[in-house]
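S.K.: Structure below; questions to follow.
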Amino acid sequence: MTTSVETTPTTAPAQTPAGVIDLQNVSRWYGNVVAVNDITMSLNAGVTGLLGPNGAGKTTVLHMMAGFLAPSKGEVTIHGKPAWRNPAVYRDLGLVTEREAVHAFLTAEQFVLACAKMQKLKDPAGAARRALELVEMTDAADRRIGTFSKGMRQRTRVAAALVHEPKVLLLDEPFNGMDPRQRMHMMELLHRLGDNGHTILFSSHILEEVEQVAGLVQVIVAGRLAASGDYRKIRRLMTTRPHVFAVRSSDDRRLAVALIGEKSVSGIEIETTGMTVRASDYGDFTRVLPRIALDQGIRLHQLVPSDESLESVFSYLLEA
């Protein structure tokens, strides 16, 4: 069952595209194998993470968005135009595939310049320089790609995808091979592009990366869209799982006694560092806790949801 947090009206007709990128009831199969099963999603400006276990269908979804694959059923559109058999979409779309396809004998500048020329830019050399600056590759621009580390090759490929300043960016595992400093710089770049109105979808198997870059996620499990939206809101919609809070106060034991009778509280554990409270209803508990603390004359020092991370949400969805 899909947990969905929508940002567009749910009453809109299904055939009316609502976002920059739209998938409407999209399926893709190979013979008897169904890779993607009846997915509907809409993406707008900002950074969105595409999550799923290996073989879930993430790359297939990205390739259909990029026009590399035709959907077996349904429609994929970018700015309201079909992605399949429509080369015009590449004027406003940048793509970094998971598989490296870079000629090792070219320098970074030659590779990015070639991409700029294919886009028929007015100043391809200037565009190539600006793209290489964005990914901090100017110092190695005249080196052959075959001499690069994996992280440097990856940044060169991102520069090639950005050279024509596309408003739509599709990235399959974009942080592969990057060291921590390079990764942080790339995250900041994606943040900045998203804030400036670009629509960015990137897949990653490292949940920490997605959590730092994207508040919005699309989670695909076994070819189906399992959840869509802000992962924190998705967690709060999981009513069958108790919400876990770390609580510290001026008197944890007295507060625990007062809380245990509340219907929204399903369990309490007291430790030397504070207490862990399991609540069946997120909203009820966060409203009742301050009132009880005030009635008891207890000062609250900390109230932190401890299972609202993307890792928790993802693991819960996989279990479901």
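S.K.: Suppose only helical runs count, i.e. DSSP H with n ≥ 4. What mean residue ellipticity at 222 nm does that imply for the chain under -39500 (n - 2.57) per run, divided by all residues and rounded to the nearest 500 deg cm²/dmol?
M.R.: Counting only the DSSP helices, I get -10000 deg cm²/dmol.
S.K.: Could you tell me the distance between the Cα centroids of segment 142-211 and segment 243-318, to the nearest Å?
M.R.: Centre-to-centre (Cα) distance: 39 Å.
S.K.: Assuming R0 = 35 Å, what is the FRET efficiency of ASN86 and GLU133, from their Cβ-Cβ distance, to the nearest 0.05?
M.R.: For ASN86 and GLU133, the calculated efficiency is 0.70.
S.K.: Show me 53-66, 89-102 ranked by packing, highest mean number of other Cβ atoms within 10 Å first.
M.R.: In decreasing order of mean packing, 53-66, 89-102 become 53-66, 89-102.
S.K.: While we're on this one: What are the residues whose amide H is under 5 Å from the amide H of TRP29, where those residues sit 5 or more places off or on another chain and H is modelled from the backbone?
M.R.: ALA35, SER72
S.K.: In square nanometres, what is one fourth of the surface area of the convex hull spanned by the alpha carbons of the chain?
M.R.: 19.9
S.K.: Shifting gears a bit: Using a 7 Å offset from the Cα along the Cα-to-Cβ direction at both GLU100 and ARG253, what is the distance between the two label points in nm, to one decimal?
M.R.: 6.1
S.K.: Quick check on my link table: of LYS58/LYS81; LYS81/LYS120; LYS73/LYS120; LYS73/LYS167; LYS150/LYS233, which ones sit more than 30 Å apart, alpha carbon to alpha carbon?
M.R.: With Cα atoms farther than 30 Å apart: LYS73/LYS120; LYS150/LYS233.
S.K.: Another one. Beyond 21 Å, what percent of the Cα pairs of segment 238-306 remain?
M.R.: Looking at segment 238-306, the distances longer than 21 Å represent 11 percent of pairs.
S.K.: About the Cα centre of the chain, how large is the charge dipole given +1 on each Lys and Arg Cβ and -1 on each Asp and Glu Cβ? Please answer in debye to the nearest 20.
M.R.: Approximately 680 debye in magnitude.
The numbers here are math on the coordinates, done by the rules we state, and not lab data. On a predicted model such as this, the values are computed, not experimentally measured, just so you know. Neighbour counts run over all protein chains shown; Cβ positions are idealised from the backbone, glycine included.
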